[in-house]
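Take a look at the structure below.
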Amino acid sequence: MKPAVRMEKIPPYLFLELDRLVERETAQGHDIINLGIGDPDQPTPGWIVEAMKTALDRSANHRYPNYLGSLPFRQAISRMYRTRFGVALDAASETVALIGSKEGIAHMIWAFAGPGDIVLVPDPAYPVYSTQTILSGAEPYLMPLTVDQGFLPNLQAIPNDVRRRATMLWLNYPNNPTGAVAPREFLAEAVAFCRDHDILLCSDAAYAEIGYDGYTAPSVLEIDGAKDVAIEFYSLSKPFNMTGWRIGAAVGNALAVGALGTMKSNIDSGAFTAVQDAAVAALDGNPQAFFGEMNRMYRERRDLAVTALHDMGFQVPLPKSTFYIWFPTPFGLSSAQASRFFVENAQVVVTPGSAYGPQGEGWLRISLTIDTLRLAAGLARMKAAMQSKS
Ligand SMILES: *Cc1c(COP(=O)(O)O)cnc(C)c1O
């Protein structure tokens, strides 16, 4: 008995060695501070939890969900896109509910890429884009994101034969892991590029509601003509501290939304309707005040972390969004060596940048989704470890 050959194509799990190391340190009684996890530490707001409790009592919610999402949920997503981004969406043909955006991202790739096709994927990036491309039998073409280009891919540098075979282009702004944001002009350039080459533009907007210093992320669908070529993946996970609930939506181009819906109806049976009801309450609950508070908290942590890292001598790009800080490794260490160094000498976990692609080599990521005092303690330990090394 053995798993399918395609399973052999899944890249090795890069955190295996790090996990073992952390386990060993924990077994020795060391208190590990984990700055590696991108998962909000705060609870889901009470008004959403209350809506879920009510939704659980509705027996209609106990049956199979609508495959493509409940009409109230799809209408709530449309309303939110109109008020938040000024984008008009037809709920029935231009939105589909997702069991978390990761699910939608994976199935979108299966719906639009296969053997012989190329998928344009940023490097570094959320690993799902390239892993699913490889599993679908298509080929990822990595677009380097470098600090001197503001972590934006150079679309003009993509060779003609690659453009011809490309069926999808993935963008993720605000960006995990770099914390970079995309100016509107870049989004317009990407829309024009995809129109010129008949490529589906996929925008992963997981961090759209996080912003500092007056920054508010746009939707790619705000660009004129975007709906002809673009689909956007919106998730309630990060904005509403709902990562465990598994709810998001894909919106935009009707052909792409339809293909994703067809793929999904043959694989899953939709998100729990009670969760969709709670998501309606989240979206309709005038969440701007809540986002403001959440962003103030993350900004305080960001400033604390960036100041501490500057203090250690790191050059740190100041992120305008996301809850990540992306910075170069110390002492010329590789990403893996540097994260090992911090686990062993500071009992702090930082994510090796190489986990996000070859261009992530030489970088580290810390996440701000940890209690502020623990974050400060972790940074102080990192500083002490660096001082005792140099
Ligand atoms: C967290 C994250 C997601 C997925 O979130 P879901 O919980 O599946 O909605 C998607 N893309 C990026 C870049 C993320 O960091």
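A few points about this structure:
- Placed amide H near Tyr141: partners under 5 Å, 5+ positions off or other chain: Val119, Leu120, Val121
- Whichever lysines have a C-alpha closer than 26 Å to that of Lys383, once near sequence neighbours (fewer than 8 apart) are set aside: Lys320
- Separation in nanometres of the label points that stand 7 Å from Cα toward Cβ, at Ser93 and Asp19: 4.5
- Two-site FRET efficiency, His62 against Arg82, from Cβ-Cβ distance with R₀ of 35 Å, rounded to 0.05: 0.65
- Cβ-derived FRET efficiency at R0 35 Å, Asp284 paired with Arg195, nearest 0.05: 0.55
- Stretching the chain fully between Met1 and Thr54 yields a gain of 14.4 nm (0.36 nm per residue, less the alpha carbon separation).
- Within the chain, longest stretch clear of exposed trypsin sites (Lys or Arg not before Pro) (DSSP loop, no more than 12 other Cβ within 10 Å): 64-390
- Hits among lysines - C-alpha to C-alpha of Lys9 under 21 Å, sequence gap 8 or more where chains match: Lys102
- Theoretical gain in end-to-end length, Leu318 to Val147 [0.36 nm per residue, Cα-Cα removed]: 60.4 nm
- Positive minus negative residues near Asp204 (Lys, Arg vs Asp, Glu; Cβ under 13 Å): 0
- Expressed to the nearest 5 percent, the antiparallel share of DSSP beta bridges inside the chain is 45 percent.
- Pairwise centroid distance, computed over Cα atoms, of the range 279-316 with the range 344-389, Å: 18
- Using 0.36 nm per residue and subtracting the Cα-Cα separation, the extra length available between Ala254 and Arg164 on full extension is 30.1 nm.
- Note on the range 133-222: Rg/Rh from C-alpha atoms, Kirkwood Rh, equals 0.96.
- As a proxy for reagent exposure, ranking Met386, Met1 by other Cβ atoms within 10 Å from fewest up yields Met1, Met386.
- Helical contribution to [θ] at 222 nm, DSSP H n ≥ 4, -39,500 (n - 2.57), averaged over the chain, rounded to 500: -13000 deg cm²/dmol
- With R₀ set to 22 Å, the beta-carbon distance separating Asp311 from Ala377 gives a calculated FRET efficiency near 0.90.
- Whole-Hz Karplus values for the range 327-335 come out as 8, x, 5, x, 6, x, 6, 6, 4 Hz, taken residue by residue from phi with 6.51 cos²θ - 1.76 cosθ + 1.60 and θ = phi - 60°; glycine and proline positions read x.
- Taking a straight line from the alpha carbon of Lys227, not one of the lysines sits under 19 Å away once near neighbours fewer than eight places off in the same chain are left out.
- Convex hull volume per residue for the range 46-285, taking Cα atoms only, in Å³: 114
- Per-residue ³J(HN,Hα) for the range 178-188, Karplus 6.51 cos²θ - 1.76 cosθ + 1.60, θ = phi - 60°, Hz, x for Gly and Pro: 7, x, 6, 10, 9, x, 3, 4, 5, 4, 5
- For the range 215-242 and the range 139-205, distance of Cα centres in Å: 15
- Relative contact order of the range 123-267, defined on C-alpha pairs under 8 angstrom at six or more residues apart (%): 16
- In sequence order, the range 128-134 has phi-based couplings of 4, 4, 7, 4, 5, 4, 5 Hz under the Karplus curve 6.51 cos²θ - 1.76 cosθ + 1.60, θ = phi - 60°, and Gly or Pro positions carry x.
Read the figures in this text as sums done on the coordinates, not as results from a lab. This structure is a prediction, so every number in the text was calculated from the model and none was measured. Quick reminder, even Gly has a Cβ in these numbers, built from the backbone with ideal geometry, and neighbours come from all protein chains shown.
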